[in-house]
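The next block holds one structure in the form of structure tokens; read it before the comments.
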Amino acid sequence: MSPQELKQVLQSGLLSFPLTDFDAALNFAPKPYAERLEWLQPYGASALFAAGGTGEFFSLEPAEFSRVIQVALDACRGRTPILAGAGGGTRLAIQYAQEAERLGAQGLLLLPHYLTEASQQGLIAHVEAVCKSVKIGVVVYNRGQCRLTPQSLQVLADRCPNLIGFKDGLGDIEKFVSIRQTLGERFAYLGGLPTAELFAGAYKAMGCPVYSSAVFNFIPRTAMDFYRAHAAGDTATCDALIRDFFLPYIALRNKGEGYAVSIVKAGATLAGHSAGPVRPPLSDLLPAEVEQLGALMAKLGPQ
């Protein structure tokens, strides 16, 4: 898949990040991971981000990363494009990017470099180096310490033909509108705030109709119902789901640091497709919180 073909895929449909399965000893569990991808296939996500944020990229060893991407590619080959996460410092991010390309990933999601702040010149050099290390399409995730300005993105767009996507995880309306107006149709634009459904309407109004759904991991039918209503302009359906599920879900998610991942793993367990525990430094939901999540999910009916 060429970068431009990947860009077309990313401009419509629901996107998601599969959870990464761990066993009780916190080792990667390839068979359950493959089974998870098979379970999610029929629901029709346009593309999947393997070893992304919800997939706990930040806790994987390089060798595990390779196994995660390989299993995802084997399970989804010929059906769903796989974008691999890549992140960390520039040289490490390049290693992840080149390994993903070697394995056959259709694209990359360039995650933030973590910890240290960086100048715009440094961020440009970082993203450019990763893009130029591969031929596959790259989506840059504007979140955390990676906060690219419209001017920086224009420089990168001019220098890196395979930089085809911009994923926003900041929620800064002024900055996003400026980026969208500056870059126009040069990028595919993706909403990337946690529990993106809550912000989907606002992003669509700003020219970003596509988002990645974490809840697709445990309520895939509802996630697709919401996306279809969103795409069709059915605000009544979207408003009802936001009121009855997403707002109380977010209130539960906000009870703990790092729960944006932990609550999704808890939901998968309740749905009968456990991905095991999260790895430290994340922590799992408390039993009472799992019970509350189960009550919320029960209101949605079978998935």
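How large a share of the accessible area of the chain, in percent, is made up of carbon and sulfur atoms when the probe is 1.4 Å and the other protein chains stay in place?
Details: 6880 of 12280 Å².
Summing carbon and sulfur atoms, their accessible area is 56 percent of the total for the chain.
Averaged per residue, what accessible surface does the stretch 193-274 expose to a 1.4 Å probe, in Å²? Kindly include the intermediate steps, with their values, before the conclusion.
Details: 3090 Å² over 82 residues.
Result: 38 Å² of accessible area for each residue.
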Item checked: Cα Rg, Dmax (largest Cα-Cα span) when computed across the stretch 51-178, Å -> 14.1, 41
Margin query: How far apart, in nanometres, would the label points at ASP158 and GLU128 be if each is projected 7 angstrom from Cα along the Cα-to-Cβ direction?
Written below: 1.0 nm
Checklist line | Mean separation of Cα contacts under 8 Å, 6 or more apart, over the residue count of the stretch 1-89: relative contact order % | finding: 33 percent
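In debye to the nearest 20, how big a dipole does the stretch 108-232 give about its Cα centre with +1 on each Lys and Arg Cβ and -1 on each Asp and Glu Cβ?
On the way: 12 positive and 9 negative charges, 50 e Å.
Charge dipole, the stretch 108-232, about its Cα centre: 240 debye, nearest 20.
Please give the calculated 222 nm ellipticity per residue for the chain, where each DSSP H segment of at least 4 residues contributes -39500 (n - 2.57) and the sum is spread over every residue; nearest 500 deg cm²/dmol?
Value at 222 nm, helices only: -13500 deg cm²/dmol.
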Check: When Lys and Arg each count +1 and Asp and Glu each count -1, what net charge do the other residues less than 12 Å away from VAL68, Cβ to Cβ, add up to?
Finding: -4
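Calculate the dipole size of the stretch 173-303 relative to its Cα centre from +1 charges on Lys and Arg beta carbons and -1 charges on Asp and Glu beta carbons; express the result in debye to the nearest 20. If you can, show how the numbers build up before the last one.
Working: 12 positive and 11 negative charges, 50 e Å.
The calculation lands at about 240 debye.
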Notebook entry, point to check: Please identify the GluC sites (Glu not before Pro) of the stretch 215-303 that satisfy two criteria: DSSP loop assignment and at most 16 other Cβ atoms within 10 Å. Which are they?
Noted result: GLU257
Check: If Lys and Arg each add +1 and Asp and Glu each add -1, what is the summed charge of the other residues whose beta carbon sits under 11 Å from the beta carbon of ALA188?
Finding: +2
Notebook entry, point to check: What is the Cα centroid distance between the stretch 62-98 and the stretch 117-165, reported in whole angstrom?
Noted result: 19 Å
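Loop only per DSSP, at most 13 neighbouring Cβ atoms within 10 Å: give me the GluC sites (Glu not before Pro) in the stretch 91-181, ordered by residue number.
GLU117
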Check: Considering amide H positions built from the backbone, and no H for Pro or chain starts, which residues 5 or more places from LEU163, or on another chain, come under 5 Å of its amide H?
Finding: VAL138
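Using the Cβ atoms and a cut-off under 10 Å, what net charge is assigned to the surroundings of LEU111, where Lys and Arg are +1 and Asp and Glu are -1? Kindly include the intermediate steps, with their values, before the conclusion.
Numbers: positive: ARG143, LYS167; negative: none.
Charge balance in the 10 Å sphere: +2.
Just to confirm, what accessible area per residue do you get for the stretch 9-71 at 1.4 Å probe, in whole Å²?
Numbers: 2110 Å² over 63 residues.
Result: 33 Å² per residue.
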Margin query: Give the separation of the Cα centroids, the stretch 166-240 to the stretch 6-55, in Å.
Written below: 19 Å
Notebook entry, point to check: Which value, in debye to the nearest 20, describes the size of the charge dipole of the chain about its Cα centre when Lys and Arg Cβ atoms bear +1, Asp and Glu Cβ atoms bear -1, and nothing else is charged?
Noted result: 480 debye
Next item on the list: Provide the three semi-axes, in whole Å and in decreasing order, of the ellipsoid equivalent to the stretch 63-114 as defined by the square roots of 5 times the Cα gyration tensor eigenvalues.
Entry: 20, 10, 8
Margin query: At 1.4 Å probe radius, can you tell me the per residue accessible area of the stretch 129-192 in Å²?
Written below: 38 Å²
Check: Which Cys residues of the chain have no other Cys Cβ less than 4.7 Å away and so no disulfide-compatible partner by this rule?
Finding: CYS76, CYS146, CYS208, CYS238
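Would you mind checking the pairs LYS31/LYS255; LYS167/LYS255; LYS255/LYS299; LYS167/LYS299; LYS265/LYS299; LYS31/LYS204 and listing those with alpha carbons more than 29 angstrom apart? Present the calculation step by step, with values, prior to reporting the outcome.
Details: LYS31/LYS255 32 Å; LYS167/LYS255 26 Å; LYS255/LYS299 21 Å; LYS167/LYS299 31 Å; LYS265/LYS299 19 Å; LYS31/LYS204 37 Å.
Listed pairs above 29 Å: LYS31/LYS255; LYS167/LYS299; LYS31/LYS204.
In percent, how large is the relative contact order of the stretch 116-238, given Cα pairs closer than 8 Å and 6 or more residues apart?
Numbers: 154 pairs, mean separation 22.2, N = 123.
About 18 percent, as a whole number.
Averaging the inverse of every distinct alpha carbon separation and then flipping it gives the Kirkwood radius. What is it for the chain, in angstrom units?
On the way: mean 1/r = 0.0520 Å⁻¹.
For the chain, inverting the mean 1/r across all distinct Cα pairs yields 19.2 Å.
The values are calculated or read from the model by the stated rules, or taken from the named source; none is laboratory data. What you see is a predicted model; the values in this text were computed from it and never measured. For neighbour counting, all protein chains shown are included, and Cβ atoms are generated from backbone atoms with ideal geometry for every residue, glycine included. In case anyone asks, the SASA skips ligands and DNA or RNA and just uses the protein heavy atoms, side chains included. Shrake-Rupley method; radii C 1.70, N 1.55, O 1.52, S 1.80 Å.
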